[in-house]
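Below you'll find the structure, written out as structure tokens, and then a few comments.
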Amino acid sequence: MGQTQTAFLVEFSAHFDADLSVPPRWFGGQGKSNTARLETHRAGRRGNIYNSSERFELGDLTANINGHKVVIEFESKQIPIQNLLKYWPYLRGELSTKPDSPVIICHFSDWWSYGINRDLWEWTLSQIQRDHTCIVPIQGKQFDHGGSDIQARQHSIREAVQWVKQRCAV
């Protein structure tokens, strides 16, 4: 993780935990408990060489809160669609790790980037939510991390924290 991402995630979790009597235990990073892999397609690898450690990270920051898997994704610039799309096979139970509770995802990005990327994110989320083969439901929302604008970042964090708490009934 970069310094900007790390600082943001620390700020987010501190704000989230501040008014709870029992704060959740937050996880993140590339650890095996926070990653999953697809079936390997060797043809998509140079020389058909498969690296068994290739995995998707399932959230920059995650916590189990009141029977929900809460996922925080942070993008320093625009929102790459693959960071939402990777949850689709996860929700369908097609990755090496399967969900056991509904997923709530907050995706933070810099809103100075192209809005069409956020439009595609919303469309993709709606398609995932309509997929009746998913074994658990997903709710998601995008937030502007504010870039270097401290007030915008703090506003988005407060908004996201309230949104998650409402969905988790905390």
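The values are calculated or read from the model by the stated rules, or taken from the named source; none is laboratory data. These figures come from a predicted structure and were not determined experimentally. FYI the Cβ positions are ideal-geometry reconstructions off the backbone, even for glycines, and counts take in every protein chain you see.
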At least 1 residues that are in contact with a Pro (Cβ under 6 Å, 6 or more places away or on another chain) in each: list the strands (runs of 3 or more DSSP E) lying fully within segment 64-170 that qualify.
-> 68-74
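Touching a Ser or Thr at 6+ places or on another chain (Cβ under 9 Å), of a type in the set (Gly, Ala, Ser) and more than 16 Å from residue 126 (Cα to Cα): is that true of residue 76 in this structure?
yes
Touching a Lys or Arg at 6+ places or on another chain (Cβ under 8 Å), modelled with pLDDT of 95 or more and not hydrophobic (A, V, I, L, M, F, W, C): which single residue out of 101, 109 fits that description?
Working: 109 fails: modelled with pLDDT of 95 or more.
Just a single option satisfies the conditions, and that option is 101.
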Within segment 61-75, is even one residue acidic (Asp, Glu), closer than 24 Å to residue 6 by Cβ and surrounded by 13 or more Cβ atoms within 10 Å (Cβ to Cβ)?
-> yes
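Name the residues in segment 142-164 that are of a type in the set (D, E, K, R) and surrounded by fewer than 16 Cβ atoms within 10 Å (Cβ to Cβ), would you? Quick ask: steps written out before the conclusion?
First, the residues of segment 142-164 that are of a type in the set (D, E, K, R): 144, 149, 153, 158-159.
Those that are of a type in the set (D, E, K, R) and surrounded by fewer than 16 Cβ atoms within 10 Å (Cβ to Cβ): 149, 158, 159.
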Could you check how many residues of segment 82-114 are more than 24 Å from residue 158 (Cα to Cα), hydrophobic (A, V, I, L, M, F, W, C) and under 15 Å from the mean Cα position of the chain (by Cα)?
-> 3
Residue count, segment 1-20 (criterion: surrounded by fewer than 14 Cβ atoms within 10 Å (Cβ to Cβ) and more than 17 Å from residue 146 (Cβ to Cβ)) = 3
From 130, 118, 167, grab the single residue that is within 20 Å of residue 5 (Cβ to Cβ) and surrounded by fewer than 19 Cβ atoms within 10 Å (Cβ to Cβ).
-> 118
Restricting the first residue to segment 123-134 and requiring it to be touching a residue at least 12 places away in the same chain (Cβ under 8 Å), which pairs with a second residue that is in a loop (DSSP other than H, G, I, E, B) and of a type in the set (A, V, I, L, M, F, W, C) meet a Cβ separation below 8 Å and a spacing of at least six or different chains?
-> 124/81; 128/134
